[in-house]
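This report concerns only the one structure given below.
The values are calculated or read from the model by the stated rules, or taken from the named source; none is laboratory data. These numbers come from a predicted model, not from an experiment. Glycine gets a Cβ as well: all are built from the backbone with ideal geometry, and neighbour counts include every protein chain shown.
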């Protein structure tokens, strides 16, 4: 250990949980996974989080999976899974609501899942987690609400037009270039001739349209929500999360078996992007 790392390393991080899956049978879009960072704007409209100083040691790291798509009436889309790095933990994205009671409203989460519809409007919505994401959108008698995104509430459907698009994600330049992640999934619609609802910017999946299109999955490693299904077109899964962090190039970093990661130089720092982990995975910093 040298004098430089006796006091620890300043670490920038971006921690995004897995996005929620879309609801079935006129289902709401999945909500984005919780979005936390100290390297720019965080989720839920929060400013950058506090400085993180890590002493040499071993730290836990977990990348959350995306939530499963609902495959049957009366079942919400699956919630995503939490993502964590040391003490920083982001909440799983909420699954989209179904078109049938009692699970019409999406699940709460990092961002909330959109509300489903079965021929009636529903103004009840799920909640996002404070400082991580936003609520899902509500439904009308034709279409479902979009899942919440890291920077925007899931949108509501427009009569005779389309179901609700997913809420937009947040852009981060932690890797050296701006990339938007954690968009909400678009809501599904059971009416023919309607436009597919767009997924939220940052990887959210589009919603399904009756007789026309299946929903689209959230993009992997963005923590985005999956699109909601229609009454004869399938819903889609949420995208897995990611952990991205930077350390000074002087730091010596190693990962336990089962961790999938890449690294790249960025000036005086190295950027580590962790895209998959096994249970109990760790990173050692020295």
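Structural remarks
- Within the range 218-268, strands (runs of 3 or more DSSP E) holding 3 or more residues that are buried (at least 18 other Cβ atoms within 10 Å of the Cβ) and at pLDDT 95 or above: 242-248
- Of the strands (runs of 3 or more DSSP E) lying entirely inside the range 1-78, the ones with 3 or more residues being farther than 22 Å from residue 168 by Cβ and over 21 Å from the mean Cα position of the chain (by Cα) are found at 9-16, 52-54, 57-62.
- Of all residues in the range 177-196 being modelled with pLDDT of 95 or more and touching a strand residue (DSSP E or B) at 6+ places or on another chain (Cβ under 7 Å), the one that is surrounded by the fewest Cβ atoms within 10 Å (Cβ to Cβ): 178
- Evaluation of residue 147 against the conditions (1) in a loop (DSSP other than H, G, I, E, B); (2) within 20 Å of residue 219 (Cα to Cα); (3) in contact with a strand residue (DSSP E or B) (Cβ under 8 Å, 6 or more places away or on another chain) shows that the sole unmet condition is (3).
- Candidates 71, 47, filtered to the one that is under 24 Å from residue 188 (Cα atoms) and surrounded by fewer than 19 Cβ atoms within 10 Å (Cβ to Cβ): 71
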